[in-house]
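What follows is a short report on a single structure.
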Amino acid sequence: MRAWQVLTLGDAPRLVTISDPQPQPGEVMVKVAAAGLNFADLLMMDGRYQDRPALPYSPGMEIAGVVEAVAPGADGPRPGTRVIGVCGTGGLAEMVCVPAARVVVMPDTMPMTVGAGFQIAYGTSHLALTHKARLQPGETLFVTGAAGGVGLTAVEIGKRLGARVIASARGHDRLAVAKAAGADVVIDATAPGLKETLRGLSGVDVVYDTVGGPAFDEALRACKPDGRLLAIGFASGHVPQVPANLLLVKNLTVTGFWYGGYQKTFPTLVADSMRQLLSWYSDGALAPHISHVLPFGGLAEGLELLRNRTATGKVVITVA
């Protein structure tokens, strides 16, 4: 089969031909139709991600496709079933083996390209906002990187949960995407005075930060008492340093959320969350935004879109 592989950390993946994988006990083999790209793919290729697979490996953390085979004794969808799944690695290949517990039957109305980019972005935002931050109707949510793959889902879900949503992104076009997803107020990330702007909007209850850097610090200082700050990612490359005295004086909470970690430690919670999200999708309550669908050979272009933060929503690579 054809597969993209990382042979050396820091180098671009190469398209190679390798043997088909064989499902091990508890796994299903999926014929991949499409794979979603994530910023974490870039970090993993550089050896800067919390998961460090042995080399060589195929990147691609989430997929949509059709079950091709099921290992004996595996409790999963039968061959021929359309599924989405989070594989962690291996998605940018014609076949991938995934633990049966990590694949979910797709709604009949969900296209493969949508399914490929659905789980990580929506799953992250749903669990972070409902389980970690416990966002309440009427509260104010501030989202950084609000036009990106994960940030945009936070805008959408925050609005569905009844919050007033303030979204930050770079440039008119990206702000328009966040506005269309439900943001009540949009702020250009390049404008100065973020702290004063947020305070002028009566402050924020929950911060959903995908960027890191100075915006995190300014949002922290604009938080209302008992505010909650979610550290989701550091797309800027700068990890914020949190002043503990501010946490004490304003009774603030800073918490991180990593979807991959929850898959390992709280699989039932992840499954319940995904059932809710797919139900919302089937009811027409979610509108996934995919800015680029690229062919299998277009991986380099897709990664560059993530690296330069020029894509809005998700970037998806078609495989089959």
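Can you work out ³J(HN,Hα) from phi for every residue in the stretch 209-214, in order, using Karplus 6.51 cos²θ - 1.76 cosθ + 1.60 and θ = phi - 60°, giving whole Hz and x for Gly and Pro?
So the J values, rounded to whole Hz, are 10, 9, 10, x, x, x.
Distance in nm between label sites at Arg275 and Arg2, each 7 Å beyond Cα in the beta-carbon direction?
Between Arg275 and Arg2, the label points sit 3.9 nm apart.
Given labels modelled 7 Å from the Cα in the Cβ direction, how far is it in nm from Trp258 to Val16?
Here the modelled spin labels are 2.6 nm apart.
What ranking of Ser279, Ser273 emerges when the number of other C-beta atoms within 10 Å of each C-beta is taken as an exposure proxy, fewest first?
Details: Ser279 12, Ser273 22.
Exposure proxy ranking, most exposed first: Ser279, Ser273.
Could you go through the stretch 169-186 in sequence order and give the Karplus-derived ³J(HN,Hα) for each residue, using 6.51 cos²θ - 1.76 cosθ + 1.60 with θ = phi - 60°, rounded to whole Hz, and x for Gly and Pro?
Couplings: 7, 9, x, 4, 5, 6, 5, 5, 5, 5, 4, 5, 7, x, 4, 7, 9, 10 Hz.
Using the number of other C-beta atoms within 10 angstrom as an exposure proxy, rank Met110, Met1, Met95 with the fewest first.
Values: Met110 18, Met1 15, Met95 23.
Going from least to most buried by this count: Met1, Met110, Met95.
So what's the gap between the Cα centers of the stretch 1-78 and the stretch 236-277, to the nearest angstrom?
The stretch 1-78 and the stretch 236-277 have Cα centres spaced 26 Å from each other.
At a temperature of 4 °C and a viscosity of 1.567 mPa s, determine how fast the stretch 121-258 diffuses translationally according to Stokes-Einstein, using the Kirkwood radius over alpha-carbon pairs as Rh; express D in µm²/s, rounded to the nearest whole number. Mind showing how you got there, number by number?
Numbers: Rh = 14.3 Å.
Taking Rh from Cα pairs, D becomes 91 µm²/s.
Express as a percent, rounded to the nearest 5, the fraction of DSSP beta bridges in the chain (both residues included) that run antiparallel. Intermediate results must be reported in sequence, preceding the final value.
Numbers: 31 of 55 bridges.
Rounded to the nearest five, the antiparallel share is 55 percent.
So how do Phe257, Phe266, Phe118, Phe142 line up by other beta-carbon neighbours within 10 Å, fewest first? Walk me through the intermediate numbers first.
Values: Phe257 19, Phe266 14, Phe118 27, Phe142 31.
Arranged by neighbour count, lowest to highest, Phe257, Phe266, Phe118, Phe142 become Phe266, Phe257, Phe118, Phe142.
For the stretch 121-258, what is the charge dipole size about the Cα centre, in debye to the nearest 20, if Lys and Arg each add +1 at the Cβ and Asp and Glu each add -1 at the Cβ?
Working: 14 positive and 11 negative charges, 40 e Å.
That gives a dipole near 200 debye.
All other residues with a Cβ under 10 Å from the Cβ of Gly117 taken together, and with Lys, Arg as +1 and Asp, Glu as -1, what is their net charge?
Details: positive: Lys314; negative: Glu62.
So the environment of Gly117 carries a net charge of 0.
Distance in nm between label sites at Arg307 and Leu248, each 7 Å beyond Cα in the beta-carbon direction?
Result: 4.4 nm between the two label points.
List the trypsin sites (Lys or Arg not before Pro) within the stretch 98-163 that fall in a DSSP loop (any state other than H, G, I, E or B) and whose Cβ has at most 12 other Cβ atoms within 10 Å. Spell out each step's value before the answer.
Working: sites: Arg102, Lys132, Arg134, Lys159, Arg160; in loops: Arg134.
The qualifying sites are Arg134.
Report, in deg cm²/dmol and to the nearest 500, the calculated mean residue ellipticity at 222 nm for the chain, where each DSSP H run with n ≥ 4 adds -39500 (n - 2.57) and the sum is divided by the residue count. The partial results should precede the final answer.
Working: 11 runs with 94 residues, N = 320.
Here the helix-only value at 222 nm equals -8000 deg cm²/dmol.
Could you give the size of the charge dipole of the chain about its Cα centre, using +1 on the Cβ of each K and R and -1 on the Cβ of each D and E, expressed in debye and rounded to the nearest 20? Please list the in-between numbers first.
On the way: 27 positive and 26 negative charges, 99 e Å.
With only Lys, Arg, Asp and Glu charged at Cβ, the dipole is about 480 debye.
Quick note: the coordinates plus some simple rules give every number you see, no bench work behind them. Everything numeric in this text was worked out from a predicted model, so none of it was measured. Heads up, the Cβs are rebuilt from the backbone with ideal geometry, glycines too, and the neighbour counts pull from every protein chain shown.
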